[in-house]
Amino acid sequence: MTARRPVITGVGVIGAIGVGVPAVWDALRRGEDGLSPLSLFPSPRYRGLPVGEARIEVDRAAAGFRGSRTDKLCWIAASEAFGQAVEGGGARPDPARFGVMLGSTVGGMRGSERVLQRLLKEGRRRFGPTRFHEPAGATDAVAGRLGALGPCGTYSTACSAGAMAILAAAETIGRGEADLILAGAGDCLSRLTLNGFGSLLLLDPEGCRPFDVRRKGISLGEGAAVLALESEASARRRGARILARLTGWGASCDAHHATAPDPEGRGAIAAIRAALAGAGRDAAEVDFISAHGTATPDNDAMEAGAMKAVFGAALPPFASWKRSFGHTLAASGAIEAVMCVASLQAGELAPSAGCGEPDPGLGVEPVLVSERRSLSVMLSNSFGFGGNNVALVIEQPDQPDASVRGAEDLRPEIRSAFEFAVLGEGVISASGDSQEAVARAFRDGVEPESGKGIACGDFETEPFVPPAQRRRMSRLQQMTSVAAGRALRGRNLAATPPERRCIVVGTGLGALGDSIAFLENLIERDEAAPRPALFANSVHNSLASRLAIDLGMTGLNSTPVHREISFELSLAMGCAELGEGRADIALVGAADERNARADEIFARWSRCGPVPNLVEGEGCAMFALGRPDDPGASSPRVLMPRLGRLRRSGGGIDVAAEADWLLESLEAAGVASLELDFLLTGIGGDQALDRAYRDVAKALSERTGRSLAAGGYKHKCGEFRSASGFGFLTAVGLVQGVIRPGDCLLPGDRHAVNAGPCRTAALLTWSSHGAKALTILRA
């Protein structure tokens, strides 16, 4: 990683104070107030509340782009960044090495709210907008429009999601898996977040005033920002202009509270120090800090304390730009990173609008007027619900690469192959709640009872979830906590420092039950009595942050939300933390639940065809990962997943190209094609995908001159977004010999043969929206 710090070759932004980096920067440097009365949608409770609403016609600005309002905001920012990096800055990148990684908290929630409003108030059953509900919609749409076939992903760590996506992209480029990645985030205003933050008494009716003595809370906003991150070698090869460098990044978790920050700021301090260490910079070298600065009493006090702890008496100038943009949730860290690039280029500091009288109790004062000065190194802070913290270091393009100083100390025991061991597993599924039960289900050949769908049913929560705590947790949180407890059973966590334990939990749709219950109550009661507990549980990262609090794990804490590859993104991020020497144990997994209301909605847009015994399902799978030399390590060894997007030809999947990609992936992992004993696929009801899965397995057999055994696992768990976590559990069982390969074969697989013992297996996952992942396990 240290040898491949990404450069920034393009930036794009849209927010309350404008569209496009030049216009937005000019408004920001002038200290423009971006807040205005809410007009995007009617709100009985919050009409007239100051918000940071986009002042342009978003649909017109994104003409021809289909998606949610969030998707369109992301497209506007991404197209500007791409245009600067590529169309106006050099040759196009290799599509296979060009990716997109975005963050989002809200996704298409605004459209889903309208669907529920019509259903509950008018009895109208028009579910079209729910097609764009998922946060991954923007990533897939941008990648599809721009022809990106490299690694793609979506992250939802609340208000730090944009910075988390930038971190993930930087890591991916650093490992040499991509040359250029568009990274950033977007979110639109929604009734859920407006009433959710209101229910927590965090909104300021007069507009946010960061670090001001009279501050009372946040002002919500909407917008998007994207950076084109690129390896320096790629940028110079393409002839692109280098705008700045991303030299350091750090992530941590407070492990303190679901919605409140640690008052001591320990997580924020850890993230900042990690980012500076990664950049090879001393605190004294930082010229400016873009503070998270939400304007709540607790957050500003925490951040002020954290900055003083890191920088001492030499605290550099800092500002919060929330009054100009509003708090744009996931987009905030990305917007602030883009503005740091603009500030570096302009040689000017933008003021902290809204702060009329700095709070003397904080002991710090933000920049109040714009100021010209020489700038070289900037720090950007992002802190989210659940204590998800990310800090980024952005520098001038001509700065010497300080990261080479002490590089070996920064990342000990790097394993170039990224090979890791499964130390334990936990599962909640329709086929059983243990590896042994799942193995019996495969051996017995008994399929879960079908019908409208498969549910996990009741599961034992103790000793992992005490009864008093269970009442405050969503069902999905309970599933995740139980599975995580089983994965860690027998592990002495106290032997590992809290900061060297990381958690990554993916989810496709999050806590559907609590999210829908919050919205239904909101709509039926005309916003009269929002339920704060439901809102706190509804955010996607509540799964990982809840685990961090319960287990005292303060390392990286993240939540990938990219549809069918949410689990693989979790696995990749956990493996990266181990491989880079930042963690000694990684708890990774994914979870999704069924919900009756969601079933009704999704049935209208179901992809499932008449495939026997494959129906909607739910479940959770969690794994403890460590290095192969860990005392608890056993078979199998796991290689970091390879990510990309499907090649298409003639309206369908390009089978030949995908078979070639599989061979390339095996070769890159150091696995000879003849070593592969079983290809476990995500066959699960989408007739076009299932046919292509079989055709690709057949093509791979033809290329290797052997009849490769291939099959699936969803006939045992059902079809759901994070089902590949159950698939990974199945692959582990195949390599361990507790699941027979023949039990994974599905009827009608023309090329499939009964297979013997399996020493090397591959898990192949595709999404109908184009994402793909390949994970290799071997004994």
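Here are a few things to note about the model shown:
- Test: residue in the stretch 482-501 that is among the aliphatic types (A, V, I, L, M) and either assigned to a loop (DSSP other than H, G, I, E, B) or at positive phi (or both): yes
- Residue among MET302, MET339 that alone is part of a helix (DSSP H, G or I), in contact with a Pro (Cβ under 8 Å, 6 or more places away or on another chain) and not aromatic (Phe, Trp, Tyr): MET302
- Qualifying residue in the stretch 335-344 (condition: of a type in the set (Ser, Thr, Tyr) and in contact with a Cys (Cβ under 9 Å, 6 or more places away or on another chain)): no
- Here VAL115, VAL142 are screened, and the one residue that is buried (at least 18 other Cβ atoms within 10 Å of the Cβ) and farther than 20 Å from ILE166 by Cα is VAL115.
- Residue check for ALA61: closer than 23 Å to PRO135 by Cβ, open to solvent by less than 60 Å² (accessible area, probe 1.4 Å), of a type outside the set (Ser, Thr, Tyr) and touching a helix residue (DSSP H, G or I) at 6+ places or on another chain (Cβ under 8 Å): yes
- Residue check for LEU227: over 24 Å from SER39 (Cβ atoms), surrounded by 24 or more Cβ atoms within 10 Å (Cβ to Cβ) and under 20 Å from the mean Cα position of the chain (by Cα): yes
- Residue in the stretch 78-95 that is among the polar types (S, T, N, Q), surrounded by 24 or more Cβ atoms within 10 Å (Cβ to Cβ) and in contact with a Gly (Cβ under 8 Å, 6 or more places away or on another chain) present: no
- Candidate set: the stretch 741-765, residues that are under 33 Å from the mean Cα position of the chain (by Cα) and open to solvent by 20 Å² or more (accessible area, probe 1.4 Å); chosen: the one modelled with the highest pLDDT: ARG759
- Criterion (touching a Phe, Trp or Tyr at 6+ places or on another chain (Cβ under 8 Å) and within 27 Å of GLY510 (Cβ to Cβ)) met by exactly one of MET101, MET109: MET101
- Tally, over the stretch 695-708, of residues that are in contact (Cβ under 8 Å) with a residue 12 or more places away in the chain and outside any helix (DSSP H, G or I): 3
- Only one of GLU524, GLU564, GLU568 that is under 22 Å from ALA511 (Cβ atoms) and open to solvent by 20 Å² or more (accessible area, probe 1.4 Å): GLU524
- Among the residues of the stretch 672-682, just one is surrounded by fewer than 20 Cβ atoms within 10 Å (Cβ to Cβ) and either charged (D, E, K, R) or at pLDDT 95 or above (or both), namely GLU675.
- When restricted to residues that are aromatic (Phe, Trp, Tyr), open to solvent by 10 Å² or more (accessible area, probe 1.4 Å) and more than 18 Å from ALA271 (Cβ to Cβ), the stretch 285-332 contains 0.
- Failed item in (1) touching a residue at least 24 places away in the same chain (Cβ under 8 Å); (2) out of contact with any Cys (no Cβ under 7 Å at 6 or more places or on another chain); (3) surrounded by fewer than 24 Cβ atoms within 10 Å (Cβ to Cβ); (4) more than 19 Å from ILE776 (Cα to Cα), with GLY685 passing the rest: (2)
- The sole residue among ALA692, ALA657, ALA669 that is open to solvent by 20 Å² or more (accessible area, probe 1.4 Å) and touching a residue at least 60 places away in the same chain (Cβ under 8 Å) is ALA669.
- A Cβ distance below 7 Å, combined with a sequence gap of six or more or placement on separate chains, defines the contacts here; from the stretch 5-34, residues that are within 17 Å of GLY162 (Cβ to Cβ) reach residues that are open to solvent by 10 Å² or more (accessible area, probe 1.4 Å) and assigned to a strand (DSSP E or B) in the pairs ILE8/ARG245; VAL24/GLY18.
- If you go through the stretch 8-39 and keep only what is over 18 Å from THR70 (Cα atoms), touching a strand residue (DSSP E or B) at 6+ places or on another chain (Cβ under 6 Å) and small (Gly, Ala, Ser), you end up with GLY10, ALA27, GLY34.
- The set of residues in the stretch 106-132 that are closer than 18 Å to PHE518 by Cβ, among the hydrophobic types (A, V, I, L, M, F, W, C) and part of a helix (DSSP H, G or I) comprises MET109, VAL115, LEU116, LEU119, LEU120.
- Residue that is modelled with the highest pLDDT [pool: residues in the stretch 456-496 that are of a type outside the set (D, E, K, R), in contact with a Gly (Cβ under 8 Å, 6 or more places away or on another chain) and over 26 Å from GLY632 (Cβ atoms)]: LEU476
- Taking the listed residues LEU571, LEU547, the one that is touching a residue at least 24 places away in the same chain (Cβ under 8 Å), within 20 Å of ASN492 (Cβ to Cβ) and not hydroxyl-bearing (Ser, Thr, Tyr) is LEU547, with no other qualifying.
- Filter result for ARG237 (modelled with pLDDT under 95 and either surrounded by fewer than 24 Cβ atoms within 10 Å (Cβ to Cβ) or farther than 27 Å from SER538 by Cβ (or both)): yes
- Identification of strands (runs of 3 or more DSSP E) wholly contained in the stretch 145-259 with 2 or more residues that are more than 30 Å from ALA668 (Cα to Cα) yields 180-187, 223-230, 244-253.
- Every pair of residues 6+ apart whose Cβ atoms lie under 8 Å, when the first sits in the stretch 206-235 and is of a type in the set (S, T, N, Q) while the second is open to solvent by 10 Å² or more (accessible area, probe 1.4 Å) and in a helix (DSSP H, G or I): SER219/ARG323; SER231/ARG4; SER234/ARG97
- Selection status of SER43, among the polar types (S, T, N, Q), open to solvent by 20 Å² or more (accessible area, probe 1.4 Å) and more than 24 Å from the chain's Cα centre (by Cα): no
- Output for the stretch 145-181, where each listed residue is open to solvent by less than 10 Å² (accessible area, probe 1.4 Å) and over 14 Å from the mean Cα position of the chain (by Cα): ALA148, GLY150, ILE173, GLY174, ALA178, LEU180, ILE181
- Single condition GLU232 does not satisfy, out of (1) under 30 Å from PRO22 (Cα atoms); (2) buried (at least 24 other Cβ atoms within 10 Å of the Cβ); (3) not polar (S, T, N, Q): (2)
- Of the numbered criteria (1) within 21 Å of ASN388 (Cβ to Cβ); (2) modelled with pLDDT of 95 or more; (3) part of a helix (DSSP H, G or I), the one VAL504 fails is (3).
- Selection status of ASP282, closer than 24 Å to LEU543 by Cβ, modelled with pLDDT of 95 or more and among the acidic types (Asp, Glu): no
The values are calculated or read from the model by the stated rules, or taken from the named source; none is laboratory data. What you are looking at is a predicted structure, and each value in this text was computed from that prediction instead of being measured. Using ideal geometry, Cβ is built from the backbone for each residue, glycine included, and neighbour counts are taken over all protein chains shown. Protein only, heavy atoms only, side chains kept; ligands, DNA and RNA dropped before computing areas. Shrake-Rupley method; radii C 1.70, N 1.55, O 1.52, S 1.80 Å.
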